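The values are calculated or read from the model by the stated rules, or taken from the named source; none is laboratory data. Being a predicted model, the structure only gives us computed values, none of them experimental. Cβ placement follows ideal geometry from the backbone for every residue including glycine, while neighbour counts extend to all protein chains displayed.
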Amino acid sequence: MKPAAFRTPEIGDDNGVLRARLHAIWETQPGWRGWLSTVDHKEIGLRYIVTAFVMLALGGIEALVIRLQLAGPDLHLLTPDQYNQFFSTHGMTMIFLYASPILSGFSNYLWPLIFGSRDMAFPRLNAFSYWVYLFAALFLYSGFLIGAGPNDGWFNYVPYSEKDYNPGLNQDFYALGMVLLGISTSVGAANFIVTFFKMRAPGMSINRVPIFAWGTLTASAANLVVVPAVSLAFFLLWLDRQFATDFFRPAGGGQPLLWQHLFWLFGHPWVYAIVLPAMGMVSDGLPVFCRRPLVGYSVVALSTIATMILGFGVWVHHMFATGLPGLSMSFFSGASIVITFPSAVAVFAWLATIWTGRPVVTTAFLFFASMILLFVIGGVSGFMTASVPVDWQLTDTYFVVAHIHYVLIGINVFPVVGAAYFWFPKMTGRMMDERLGRWNFWTMFLGFNLGFLPMHVTGLLGMPRRVYTYSDGMGWDILNLVTSIGSFVFAIGVLLFFINCWKSLRSGPAAGDNPWDGPTLEWAVSSPPPPYNFAVIPTVASRHPLWEDQLEESVARTSIHRGMTLDQAKETIATTPLDALPERIVEMPGDSYAPLLLAIALAVLFVALLLKLTVLVVIALAAVFLALLLWLWPRRELLERREPAHG
Amino acid sequence: MAELALATPRDLPVGPIGRSGLGWWGVATLVASEAALFGYLLFSYYYIGATALPGWLLEPRPKLLPALPNTILLVASSFVAIYGEKGVEKNNRAQALIGLGGAIVMGAIFAAVQGYEWWEKPYQFGTTSYASLYFVTTGIHMAHVFVGLLVLASLFGWAAVDFFSPRRRISVSNGVLYWHFVDVVWLFVFTTYYLTPYLGFAQ
């Protein structure tokens, strides 16, 4: 059939015939072919989530080994060099391979569902982003497995990472692996941004978007422009090491502090990028269990954006001890203090939501609500170190280690586990075990605080971070032992979570479409959702489409069972960025091997660069070009080519 | 009884038409990210330059020949590419091929002249941090020129076999948009490395 250039979308009712037709169009081919070529955002999202949780487990095991080493004075479980690799790999794993990808996983899975769309804007790019993430993780870990893991902390300061001090392949694995991972993060960010602005259902104007989407949007906008900074830093480091350039080497007129600037120009916005979507999970999940809308939607959305914008201007607070001019430090100290304002807005909004709501205490609620407490603790310790003189006392001590763990575990892991309890029924069709959930929550919560609250004191008593052991008589023995015990309790809690997932997946009670009586569109589809998500494109009339009868926010009602059918091909609707008015019928690409092939070609390229195999580099570059050509070849079914003269 | 909000749009475009479509947004985000990359490269130059000791500039008076005419050539190639894009828009295949082909030739000349400049330099990329910055920044730009040339060559081939019509031509517009980026970002690189020394930076 010849596709028309313009068409009036047919309006119809949700029915079995329509669903059967859409199913045939959207379903991924079964078997390994479909597995390798799928572009379904739900499948990709689940892969992200599973892979990231595997990374959480690996990073956790590394942490336990570290805690065994530090459980008492003068222990020798690890050699100093092994210790360096363990704590650096732990940081790399948790920050780069778990904390961000897990949020990408949830966003990938949920965005089209909460937007009332049938997929992300760029489904193939989505698949590509996952494959590159997977290959980058394998690349980075293959270094660790052959004894060449990163060994200079996750932020990898020069000069220790330069070749003179670090002759092995450790830093080359880390540098190239991070550049590869940066490709995944960047294309993922681009996909989220375009999806946010173009793929929302008609009527979902920008003031009706769930906060979770705002969180991922701001994180993605930040990632899009700051990931190049760290990719560049690692690339320049690799050149310094392998081709004797002089970017960071003072002997050749280089500037070691350039590394820190480039790293933290990325690193600090990145911290917000791995917490803002998680804060969004709380902003959307918590109100469901408080049986009321979030208090202060608009200010929370605006403060999310404000946090990110201010987040670009605080990176130097990581560098207060490097001898920068006083004026520079005053500015960045001020910015770092001001950034607590928008964060506090979210905290008060959550508290007011609980206060004025009728809380239903579920496991998910406990994780979301406890995050508020952990956020405040992590926020206050961050606020303290925003002050230059305090930072001079505390920098490079365990106080900072305690701070970063309150931020990353408190504002990432706790919301994420809560989100898993919250959305697991949607993803699998089964409820998680609430009883085991309570054990899971209390073990994690108590273990975490037992481990990390005393660590503040360890830092105040002056224990430096990154040391592989310490002598007795420093006053750190008991504190470290308590931290080690706490970390194992916490690990048992995480293990209970994994057990609960596994057990519930096999034998959890059926969930139904909307087990929590949630207000947003993902709860309007079946659990798990069909390949096409929505049989008809919904039209959104308010911020809480499924709560309209109770809330009476608007006269009109969201239309879920009647709407555009778009069943002539693999189609969905694109809308205008602000008002979400229907703008275009878009043809979505079918399953494709191109993303996987491009990712493989890139992975081979990076291995070739690591080993400096020039011939293989050239072959891999040619393969990259061919894979891109296959991908971008103008296709008739995507309406990228001249229509045939005769239909 | 509340009424049902139901979007019932009239005629909507199907798929990308002209230059508008989701793909345009994709290339726009790519350009934003790439622009940031060059921003950090230039930041590195200014940062190291501002904190360096006198004598850091290996070329206190950079030669503007052939760099300036070469810059003008590259920027001009953007307009020639637009001429080619207009050719596709007007269903004039000859104009399309002349425009895209012309841009390819001009871009290739730019690359060759830049290669000559590299060859002519008295220093290597490992000589000092200035040399490293110069070669790596212009080198990364050169990599973008090569990618841009491959894009233009693909478009040239597709236009030659009549893939595009005035309505269905988003690949052309997206590719040419990328080429504009490659050209415009060079102006920033050129200004930084060839002009700011005359303004006294890092002297």
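Taking segment B:125-162 as the range and being more than 9 Å from chain A (Cβ to nearest Cβ) and closer than 24 Å to residue B:46 by Cα as the test, the residues that pass are B:134, B:137, B:138, B:139, B:141, B:142, B:143, B:144, B:145. Just one of the listed residues (A:209, A:271, A:187, A:275) is of a type outside the set (Ser, Thr, Tyr), within 14 Å of chain B (Cβ to nearest Cβ) and either buried (at least 24 other Cβ atoms within 10 Å of the Cβ) or touching a Leu at 6+ places or on another chain (Cβ under 9 Å) (or both), namely A:187.
Screening segment A:551-596 for strands (runs of 3 or more DSSP E) wholly inside it with 3 or more residues that are under 18 Å from residue A:521 (Cα atoms) returns the ranges A:557-564, A:571-575. Among all residues of segment B:89-110, there is at least one that is in contact with a Gly (Cβ under 8 Å, 6 or more places away or on another chain), surrounded by fewer than 17 Cβ atoms within 10 Å (Cβ to Cβ), at pLDDT 95 or above and β-branched (Val, Ile, Thr). For segment A:558-588, a tally of residues being surrounded by 19 or more Cβ atoms within 10 Å (Cβ to Cβ) and of a type outside the set (A, V, I, L, M, F, W, C) returns 12.
All of (1) within 28 Å of residue B:15 (Cβ to Cβ); (2) more than 9 Å from chain B (Cβ to nearest Cβ); (3) surrounded by fewer than 17 Cβ atoms within 10 Å (Cβ to Cβ) hold for residue A:643 with one exception: (2).
Of the candidates B:8, B:29, the single residue that is facing chain A (nearest Cβ under 7 Å), β-branched (Val, Ile, Thr) and assigned to a helix (DSSP H, G or I) is B:29. Residue A:12 meets each of the listed conditions (1) within 14 Å of chain B (Cβ to nearest Cβ); (2) free of Cβ contacts under 8 Å to residues at least 40 places away in the same chain apart from (2).
Do we find that residue A:46 is under 23 Å from the mean Cα position of the chain (by Cα) and surrounded by fewer than 20 Cβ atoms within 10 Å (Cβ to Cβ) in this structure?
yes
Within the set B:68, B:58, B:53, the sole residue that is surrounded by fewer than 18 Cβ atoms within 10 Å (Cβ to Cβ) and either without any contact (Cβ under 8 Å) to a residue 24 or more places away in the chain or under 30 Å from residue A:4 (Cα atoms) (or both) turns out to be B:53.
Condition first: aromatic (Phe, Trp, Tyr) and at positive phi. Now tell me which residues in segment A:535-555 satisfy that. Result: no residue meets the conditions.
Can you name every residue in segment A:589-623 that is without any contact (Cβ under 8 Å) to a residue 60 or more places away in the chain and either touching a strand residue (DSSP E or B) at 6+ places or on another chain (Cβ under 8 Å) or crowded, with 17+ Cβ neighbours inside 10 Å (or both)? Result: A:597, A:601, A:604, A:605, A:608, A:617, A:620, A:623.
Can you find a residue in segment B:189-197 that is within 14 Å of another protein chain (Cβ to nearest Cβ), polar (S, T, N, Q), crowded, with 19+ Cβ neighbours inside 10 Å and in a helix (DSSP H, G or I)? No, that holds for no residue.
Here B:55, B:39 are screened, and the one residue that is within 30 Å of residue B:203 (Cβ to Cβ), small (Gly, Ala, Ser), facing chain A (nearest Cβ under 10 Å) and part of a loop (DSSP other than H, G, I, E, B) is B:55.
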